[in-house]
1. Could you give the length gained by full extension between residue 135 and residue 123, i.e. 0.36 nm per residue of separation minus their alpha carbon distance, to one decimal place?
2. In what order do 20, 82, 26 fall by count of nearby beta-carbon atoms within 10 Å, going from fewest to most?
3. What nm distance separates the two modelled labels at residue 79 and residue 52, each placed 7 Å from Cα along Cα→Cβ?
């Protein structure tokens, strides 16, 4: 193959318009002929597949390893222990919090103050919830304003 033909095929290759047969011609050229220094980078491109076919893997096959290795079992056991520990810790702390409040003994004055504060907070909560219901209408007004401002 002439050098002009090779350069024309390289231009087509760079444009992405070569056929498989033309790419095969380029591979053959770069693998069998001496190449000018300005085209040496293309030798790497077209010679790669030939060199890659000759390569073989010489290491161990990790796919053939048994899935039940001792490290997998250790990881599973550690996960179970961690989950159980968190479960026990959370239940224990919740139990302690419940029992801490049962041991509190209040005087009659403290009990009255507690009941008054509780009633006041319930009343405030009730008014807050009523005010919250009115906010639904505000959301509708805001969404309508968005459509009006678009015009």
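Every number in this text was worked out from the coordinates using simple rules, so none of it is lab data. All values reported here derive from a predicted model rather than from experimental measurement. Every residue, glycine among them, receives a Cβ derived from its backbone with ideal geometry; neighbour counts consider all protein chains shown.
1. Between residue 135 and residue 123, full extension yields 2.4 nm more.
2. Values: 20 7, 82 10, 26 20.
With the sparsest Cβ surroundings first, the list reads 20, 82, 26.
3. Distance between label points: 3.5 nm.
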